[in-house]
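The values are calculated or read from the model by the stated rules, or taken from the named source; none is laboratory data. Quick caveat: nothing in here was measured; it's all calculated off a predicted structure. Cβ coordinates were reconstructed from backbone atoms using ideal geometry, including for glycine residues, and neighbour counts include every protein chain displayed.
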Amino acid sequence: MTIIYHCAVRTGSSHVFWLGASDWGQDGQFYWLRTGQNVAYNNFAAGYPSGGRAESCIYVWGDGLWYDQFCTVADVRPLCQTVS
Ligand SMILES: [Ca+2]
């Protein structure tokens, strides 16, 4: 997660990253869509998550913090993990 934080901060406010986690099943219970595992660590901004049932996707903004937003936010960049 440190790498994600630094990557987001380095890009400033020009890019928003989607983390691949959601709370679609139960509001406030975030899980990784790929594995179904609960999100054990978070770096939400103060006051977030705040979107209730309407905002179910987590994004990292240029300050490196997490925000829940609508899952239809446009022009976001996904974060991908590769096996080396
Ligand atoms: Ca939510």
Name every residue in segment 27-44 that is of a type outside the set (S, T, N, Q) and assigned to a loop (DSSP other than H, G, I, E, B), in order of residue number.
27, 28, 30, 33, 34, 36, 39, 40, 41
Quick one: in segment 55-72, which of the residues that are closer than 10 Å to residue 17 by Cα and more than 10 Å from the ligand (Cβ to nearest atom) is nearest to the chain's Cα centre (by Cα)?
59
Scanning segment 27-41 for residues that are more than 13 Å from residue 71 (Cα to Cα) and more than 13 Å from the ligand (Cβ to nearest atom) gives 32, 34, 35, 36, 37, 38, 40, 41
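To keep it simple, each residue is scored yes or no on (1) outside any loop (DSSP other than H, G, I, E, B); (2) away from the ligand (no atom under 13 Å from the Cβ); (3) at pLDDT 85 or above; (4) not acidic (Asp, Glu).
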| position | (1), (2), (3), (4) |
| --- | --- |
| 13 | yes, yes, no, yes |
| 19 | yes, yes, yes, yes |
| 25 | no, no, yes, yes |
| 46 | no, yes, yes, yes |
| 53 | yes, no, yes, yes |
